[in-house]
Amino acid sequence: MDHGQQTDRTPDTDHTPQVSVPEDVLVILPVRNTVVFPGAVVPLTIGRPLSIAAAEEAARSGRRIGLVLQRDPATENPGPDELHPVGTIARVVRYFTARDGTQHVVCQGEQRFRVLDWLPGMPFLAARFDLVKEPSTGGAALQARERVLRERALEAISLLPQPMAELGGVIQSLEDPGQLADLVVSFLDIRPDEKQAVLEMSGLEARIDHALSLLNHQVEVLKLSRKVEEDTREQLAGQQREFYLREQLRTIRRELGEQDGDGELEALAERICEAGLPDEVRAQAEKELARLKRLPEASAEYPVLRNWLDWVLALPWSHIDTESIDIAHARKVLDEDHHGLDKVKQRLLEYLAVRKLNPEGRSPILCLVGPPGVGKTSLGQSIARALGLGFVRVSLGGVHDESEIRGHRRTYVGALPGRIVQQLRKAGTRNPVMMLDEMDKLGAGFHGDPSAALLEVLDPEQNGSFQDNYLGVPFDLSKVLFVATANLLDGIPGPLRDRMEVIELPGYTQDEKLVIARRHLMPRQLEANGLKASKVTVTDAALLDLVAQYTREAGVRGLERQLGALLRHAAVTISEDSSAEVTIDSGQLPGILGPAKFEAEVALRTGLPGVATGLAWTQAGGDILFIEASAVRGKGRLLLTGQLGEVMKESAQAAVSLVKSRAGQLALGDFDFDAHDLHLHLPAGAIPKDGPSAGVALFLAVASLLTGRRVRRDVAMTGEISLRGLVLPVGGIKEKTLAALRAGITEVLLPARNRRDLADIPEPARSQLAITWLEDVDQVLAAALEPAGY
C-alpha cells in the first residue's frame, strides 16, 4: 500500500469512553498467530472492537500495551481464559488508518510480563501484571550455548534460498544471549504455540537449548531442501527445454486443428466407458490410463502403455455377430463353392445342424486333412458364408515360437499380441470362423512349442479364459468357430489331434476336375485376366488334355495355373484386335504350353517283361510307381537303386526270396540265381521312396522277368507281402485308387483285407475301376501276368 494513502489516526474520544486506568494495570491487546518477543518491531492489523479500544487507549495516553497470544485463533472475542498468561509489554510506535479503512498499529516489544488478574468493566481488556525479569548472563556454559546458537543461526541464514545479510549482521552484533535466543526463535518457521513456549521460559539456558533444538531441525530441513534442489537441477534444466518444445508442438497442433495429448487421453477414457469391457479388464484399463496420465510423453513407458490401451480397446469384447443357420441355404452354398466332396459336405451339414439345435453346446473343432489344392481353405470360407459370420485365417506354417500364439510380454521392444488376438481384432467380432491353416507344419524351437500353446486355444474347457501374454487379461474364445487344415495328420502332435475331429478330403477324379475347371476356375481366371466369356472359348477336349497331359495332382492348383496360361495367350490376341474371338482346342495346347508334361507311361513302360506298375501314397495324394527288374551275369547279388528307404529294401529282399521259394511253381527251369545278379530299379531316383506297400509290385516285376511273361498294361497294384505269400493290408487306398484313375489304369489289385476301405473310395473311381481283391501272390500272378508267348 502506498504510504501516501495512510494517515495517522487520532483517537476518537467520541466513541471511546474516557476511563481512568491505574498505573499497575496494563491494557491488553489480544493477537492471533503472532508472538512478539522483546526487542521485535511488529506491525499488527486490528479490527475487533476490543482491540481497537485498547490501541486507541494506548495511543491516547501514551501507555505501554500488553500483547498476548490467543489460545484459539478462531475465537472472535476472547476472554481471559482464552489467552495465554505470559505476553510482551510493547510500546505503540505508530497507530494509523489505511485508505481502505483498516486500522494498523506498529508495536515494539520491550519486556516479558505475566498476568496476575483481570479487571472487569473496562471497554477493553486490562489486567494487573508482574514483570518477568531476565536472568543473569554470566557463566562459561551460557557463553558456549550462545556461541553455538549464533553459529547455527548464521548457518541457517546461509542455507536460505535468498540469504538475509542484514539479519546476519544483527545476529553477530547482539551481545545479550536472551535477546539472541528471542531473535532466532522469532524468525523460525514454526507454529505460534512453539514460539509461545519459548516466550514463557524463564531460565535462560533452557530457553537457549530449546531455541537451539528448534534451529537444528530447521537447519536439517534446509540442508535436505538444498540437496534435493541440487539433485534435480540438471534434470529440470533438460525438462525445461523439453517442456518448451512440447508446448510449441501443442501450439502447432492446435493451429493445425489436430488433437493434443490431453484430448487423446480424454478420448481414451471415453472409449473405455463405451467399449463394454468385462469388469476385470475395465479395472486394468482404467489403472493403466491413470498411469499414462502421470507419465510425460517423452517417457519410454508412455508408448508402451498407449499401444496396450489401443489394443485392448480395439478388441471385440462384447460384439457378437448373429448366426443364421439355414441348412438348405448352407447346402446350396457348399454345392455352389465346391464340386464333389459329398461325404465332406454331408459331415459339415451335420455339424451345422447340431449347432443350430444346440447353440450353447460345445461344438467339436473340425480339422480338414487332404492334399494341396483340394479346397480345404475355401471350405472354411464357405462355412462362414453359410453362417453369415466373418472369416479370418491364421497361417501356422513355419511357426516355431510359442509367442506367435500367446503374444510377447509388453516389456519387450516391439511386443505384439499373438496371432489369435490379432485376427480377432481384424474380425471385429467375438464369434468369427477362424481357420488355423497348415497346422501340420508347426515347428518347435528354443522359444517354446506353439502346438502346446494351441492346446489351450482349442480346448473348450480352457479357452473361455484365454490369456495372451501381451494383454495380460483373459479373453473369451469359446464363441470362436475354429476350423483347422493340414496336409498330413502325422505332423500334428497327438494331444492336439485328440482335440479335433478329422475330416479327410480325397483328391479329385478327372471328371470332377473338368467340372471344377468349367464352373469355378474359368470364371476366376477370366476375371483375373480381364477377359469376357464371350471372347474366349476353351473346348472340352482342350480341358481334358490339360488335365491328363499337363497336370497330375490331387487338387486343381496346377490346373488353374495352366488354364491361366491359356487365357493370357488369348489376352494377347484380343488386345491386338478387340473384335477377335479366341477358341482354344486340344491341338493348340503344345503351341501355347509346350510339349505334354505327362505321357501314357503305363503303355510305354510295361511293354517288356520285368516291369510292373505299383501305387504309392504321397503328400500330393497318390501316384503310380514303376518297378523295373533285370538279371545279369554275376554272383547272386541283389542290387537296389532309386533312392529306396530301409523298409522298401527289405520288401525287395522279401519279394526275391518269395520268387526263389516258388521257382518250381513259376516254372523257372534251370535259372541259376547264384550265377546272376538281380537288379531292381525304381525310376525318378531323385525322389525318396519308402514303405512296405510296393511288395506285391516288386514280387510281380521279378516273377515277370524270370518267367518272360509281361505284366498287363492296364493293371496297377499295391500291398505288402509275407514270406508265406500272403498279401497284407496297407494304407492310403483312397489316394492310390484315384492316382490309378488319373494315370489311365482300368484295374487295380488291392489286398483283400482292405475291403473296409472301399466305402472311402469316391464313387467315380469305384465305377470306372475294376477292383480285384488279393489274398495271396498266386492271385496276383493270375490277375496281372499275360499268358506265356502273348
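Computed quantities for the displayed model
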item	result
Helix-only mean residue ellipticity at 222 nm for the chain, each DSSP H run of n ≥ 4 adding -39500 (n - 2.57), per residue, nearest 500	-13000 deg cm²/dmol
Farthest toward positive dipole pole in the chain [+1 Lys/Arg, -1 Asp/Glu at C-beta], among 197, 636, 179	636
For the chain, Kirkwood radius (reciprocal of mean inverse C-alpha pair distance, Å)	37.4 Å
Helical segments meeting 24 Å axial Cα length and Kyte-Doolittle -1.0 threshold in the chain (DSSP H)	140-159, 204-256, 557-576
Exposure rule at most 10 other beta-carbon atoms within 10 Å, DSSP loop GluC sites (Glu not before Pro): the chain longest free segment	462-790
Relative contact order (percent, whole number), the chain, Cα cutoff 8 Å, 6+ residue spacing	7 percent
Region 131-233: relative contact order in percent, alpha carbon pairs under 8 Å with at least 6 residues between	38 percent
Trypsin sites (Lys or Arg not before Pro) restricted to region 718-752 and DSSP loop, no more than 11 other C-beta within 10 Å	724
Highest average packing first - 383-393, 303-313, Cβ atoms within 10 Å	383-393, 303-313
Inter-site label distance for residue 319 and residue 395 at 7 Å from Cα along Cβ, in nm	2.5 nm
Largest-first principal axis extents of the Cα set of region 631-743 (Å)	42, 30, 25
Efficiency of FRET between residue 632 and residue 723 - r from beta-carbon atoms, R0 30 angstrom, step 0.05	0.75
Area of residue 273 that stays accessible when all protein chains are in place (1.4 Å probe, Å², to 10)	80 Å²
Residue 409/residue 266 FRET efficiency (R0 35 Å; Cβ-Cβ; nearest 0.05)	0.75
Reduced Cα scattering model of region 273-417, Debye log10 I(q)/I(0), q = 0.17, 0.21 Å⁻¹	-1.04, -1.28
Fully extended contour minus Cα-Cα distance, from residue 529 to residue 244, at 0.36 nm per residue	96.8 nm
Built amide H within the under 5 Å cut-off of residue 365, gap 5+	501
Region 358-417, accessible surface, carbon-and-sulfur percent (1.4 angstrom probe)	50 percent
Taking only Cα atoms of region 510-573, radius of gyration then Dmax in Å	10.9, 32
FRET efficiency estimate (nearest 0.05) - Cβ-Cβ, residue 429 to residue 299, R0 41 angstrom	0.75
Whole-number Å³ per residue for the convex hull built on Cα positions in region 416-531	171 Å³
Length-normalised contact order for region 677-790 - Cα pairs under 8 Å, 6+ apart - percent	29 percent
At q = 0.19, 0.21 Å⁻¹, base-10 log of I(q)/I(0) for region 120-203 (Debye sum, equal scatterers on each alpha carbon)	-0.95, -1.09
Net charge contributed by nearby residues that have their C-beta within less than 11 Å of residue 400 (K/R +1, D/E -1)	-3
Euclidean distance of C-alpha centroids, region 502-538 and region 276-319, integer Å	49 Å
Alpha carbon Rg of region 499-647, scaled by the compact-globule rule 2.2 N^0.38 Å	1.42
Net charge of neighbours whose Cβ lies under 13 Å from the Cβ of residue 311, counting Lys and Arg as +1 and Asp and Glu as -1	+2
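The values are calculated or read from the model by the stated rules, or taken from the named source; none is laboratory data. Please read all numbers here as calculations on a predicted model, not as lab measurements. Note: ideal-geometry Cβ built from the backbone for every residue, glycine included; neighbour counts use all protein chains shown. SASA here: full protein model, heavy atoms, side chains in, ligands and nucleic acids out. Shrake-Rupley method; radii C 1.70, N 1.55, O 1.52, S 1.80 Å.
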